[in-house]
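Participant: One structure, pasted below without further comment.
Just so it is clear, none of the values below were taken in a lab; they were calculated from the coordinates. As the structure is a computational prediction, the values presented were derived from the model and not from experiment. Cβ placement follows ideal geometry from the backbone for every residue including glycine, while neighbour counts extend to all protein chains displayed.
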């Protein structure tokens, strides 16, 4: 019921807010109403006080109060609508310079005249309605009331002209406001009287529900399902902590209710290895009562082995006793189920545990709340999520059958069981809840009923899943409790954005202004924060918590899934927020129930209507029919295929605060309706999913309350006269267009609240510093990212803009941003047009909060140094990223002596700077003073001095290309292409797993053998400098690479064996690629390696040699340039059970396969892929391929002499055949084979 209480409270607050508007207040006090505004506000604030008192008393679940609250919410709805409508027309007056909604204060002729005119129109309209159904007023029945002359315009989507205005009826408005306010006032007394007789302690459900059960250390579940890996890792971590110098570690286990936190802690606590490691173990159930004195008494009693809490009331004495008893002993303490604690209290509780002499003591703490885990942790928490599907189903079955499955289960119930398990989202407690229900009756009928009715949501025992989660909800502070239920309106697995959901709450009146409640919900375990691949932050909610939101909001919110059955008759009349999630399939009764929905829900007064995903034409018509009556919407999410898809009376939805229109990813020519510009109350317009026309209504600037426009940059740039939208908080792109009215730079100067990201383009069209100063960027303290872009130089010459009349440096001076700006981009600035170099950079030094600086194509910038552009020793202290791109005149960036201004740099990108010789942050990073640098890219900067790369161990990516060749280093991989500069091997040796050398690169011979973690090594065309011997590469250098699993040698004709053969010695080798691409090369390295292996194998049979790799052969992929050496019986015998891919490349010697080679191929019983690539002399494929039953893929490339498939065909196991650049005959045979085998690709 908290949702209803929150809704009523929010609505009353909304009415008070509306009455605080000066013009609305004047109208309420006008002659027509005769109401005392101060008295009304006083009564409404009294009502707010009553609602607050109801919340404090926990009286929300009182049935009588529930009914009154619903009535109060309905009356407040009505009053807010009336006042909001009045405010709408006041805004319309202000925009149009009219006075239709001007209040009559009783002493002016204008008010009387307006009132008389409106009264006459009202009377005449009513009279005409009695005689004709074609009344010109059309206020209620016409699909586009107030827009009779523009009906076709709205439906076609044409927005060439402004939308028609809605008429203002002064008489009706006056009556509506007076009636609504009086009705609210009439409910104040009943609510007050009821609260007088409800005692404070009577229905305090929160107190009752939060009496948590005490759980001990005894394991109730012998088998730990689905957590074995994390269990073993944790045991290893906590028992090896003794090797640390730390006295105490605190490891939190965090996750939602019922996820298995306590179960995991119990198994850890009782594990034999843990018991042996920790002589003293203590288990304390904390629950909601975090009392340091009581907990200390309990802990001391447990250490002493007493069953009675220690009676000592002196905390100091207790802590001294605990510290003395644990002084020389290693201990484990578990604090289970922590709900409350603060930093000071936790430090106080832990004080005696910090005094121990033993190392590696451990505290485990279980909690639902990430915020509590952050308080107590000394190491990263264990964040438990739902069990994996297979593990979960095993646990689910075990709980239902207790190890005794009936014989008929597999046939009759297993499919149903899996369907039910999917709904439980991996929650162990949910499995126990539903398992108790299922095992009561092992029949299909019973299980189908449980599945269809979502029985787990209805269980009310304290140890069931929903009551367990409900406790977390009851424990939330009221401001979060009233926000949480509205998550139910969004689909499961929805990615919530902070601004999106916060503005939703504002739009429906739950909160008044932006608050960071999402982070609080994360701290309380209701949301999880994640990042997408572009590092944009979003929030997700566990499916069971989503079910909880649906449960607690069931009287206010309704989410309909087209793929699930629902009955319109079961929907409460009180529903005020409706969402419909369209699935690919519709439930059989979905259409019929949707038609009935109109009679069951008060469509007229819905506050939110949200439609997710695309739907068909039939449903489109049903929705349009249902939505004809919508008037009170604050939030509308709609998917359109055409303008006709929009609700027919969209023009009447004047209360709208939040509008989201999308085409669901489908590109279309649909144009946004002209009525869009009539939503004067609109605060958020979301067009991120809009793929229709980018043409906006010409009068869109009438959206004077719009704060957020979620859309692509191009839509941002097309808003004319954007300066009229004074509430706008972000404008991603603004294009200066002097030829178009409403696109002058002065428009930006009117947007005082502008923040976030701003890009200004076409700056070549700005002539003077005075003109650029009109943007008033220096006063925009909320602006975080600024991009200043001129047109490309060659384009400007072609268009005649480069005429010498503008001085871009002066223009840039006028665009000085506020010092708070975090990111600055300057692009295509062309310097002074008279040829004088732009030697003074902009005042970067004044931007002390700057975190990212990007300079692209700036001509004439020669030097950046202290004392120029306000650069000082404090400049760039916050800088994390620098991009220097195409700066043809820049010679140097001079650092500040004896200062570390770039100490926080994380990313450096320097490209196409041909004259640049020094960068201070490159030199200083190499001294060890910088430990944050992660990414470095240097491209085509031939004069730039580079230290040994990677010059700091923190780097995770390095890219250097140009005159020294190319070097690419990314985390575990290194690639060198003709790279001759020195490398800092000590900064990456321990991390490297993959290395590729191409061409003439320098390898210190002493370093390569040290790369013991190396897994993959590739050497291509190596004119490699090793030991300063440019033509020799010794295989012996690889002998220490014991972790090597993949070796690739291409065109390595200068390599020497020196007693090392990876096929014999590299025990972990799984992939070997060795071939030459040159015609008739001097030798085949692959043949040498295979021949030596064949000899070693033969000797092995004679007990003369036992190479370790031969005894434990693991090779899975072999690619060589010699068919004859590979298809030898000794070799194929070794490969038989492991090799799944065999590739022959560039074998120009092979003319045909011998009988021995055909027989050897048959030994490869695991072969799945066989490839022949550029073997020009090979006349045919192996003739006995039909006997290779394991073969799945056959590929033949550039083998012109092969003219047919084997005569006896290919085994039917083949699933893929590829023929490329071979004879026409072979291609035709492959096509025929495909026609006879439909499984073949």
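Participant: In Å, the Kirkwood hydrodynamic radius of region 1107-1175 over pairs of distinct alpha carbons? Intermediate results must be reported in sequence, preceding the final value.
Facilitator: Values: mean 1/r = 0.0816 Å⁻¹.
Taking every pair of different Cα atoms in region 1107-1175, averaging 1/r and inverting gives 12.3 Å.
Participant: Among 577-590, 877-890, what's the highest-first ranking by average C-beta atoms within 10 angstrom per residue?
Facilitator: Details: 577-590: 17.2, 877-890: 18.8.
Output ranking for 577-590, 877-890: 877-890, 577-590.
Participant: What are the extents of the Cα atoms of region 386-461 along their three principal axes, in Å, largest first?
Facilitator: On the principal axes, region 386-461 reaches 30, 24, 19 Å in Cα extent.
Participant: If you don't mind, another one. Eigenvalues of the Cα gyration tensor times 5, then square-rooted: what semi-axes does that give for region 640-705, in whole angstrom, largest first?
Facilitator: On the way: eigenvalues 73, 31, 25 Å².
Over the Cα atoms of region 640-705, the ellipsoid semi-axes are 19, 12, 11 Å.
Participant: Right, something else. Under the Kirkwood approximation for Rh and a Cα-based Rg, what ratio Rg/Rh is obtained for region 211-385?
Facilitator: Details: Rg = 15.1 Å, Rh = 16.3 Å.
Here the Rg-to-Rh quotient is 0.93.
Participant: Taking the highest mean first, how do the peptides 47-54, 701-708, 313-320, 216-223 order by number of other beta carbon atoms within 10 angstrom per residue?
Facilitator: Taking the mean over residues of other Cβ atoms within 10 Å, the ranking is 701-708, 47-54, 313-320, 216-223.
Participant: If you consider only alpha-carbon coordinates, what radius of gyration and Dmax does region 507-548 have, in Å?
Facilitator: Using the Cα atoms of region 507-548, the pair Rg, Dmax is 12.3, 34 Å.
Participant: Which of the peptides 823-829, 332-338, 1136-1142 is most tightly packed, and how do the rest follow, judged by the mean count of other Cβ atoms within 10 Å per residue?
Facilitator: On the way: 823-829: 20.1, 332-338: 23.4, 1136-1142: 17.6.
Listed from highest to lowest mean packing, they are 332-338, 823-829, 1136-1142.
Participant: I've got another one for you. log₁₀ I(q)/I(0) of region 1105-1241 at q = 0.11 Å⁻¹, via Debye over equal Cα point scatterers, no solvent, to two decimals?
Facilitator: Relative scattering, expressed as log10 I(q)/I(0), comes to -0.38.
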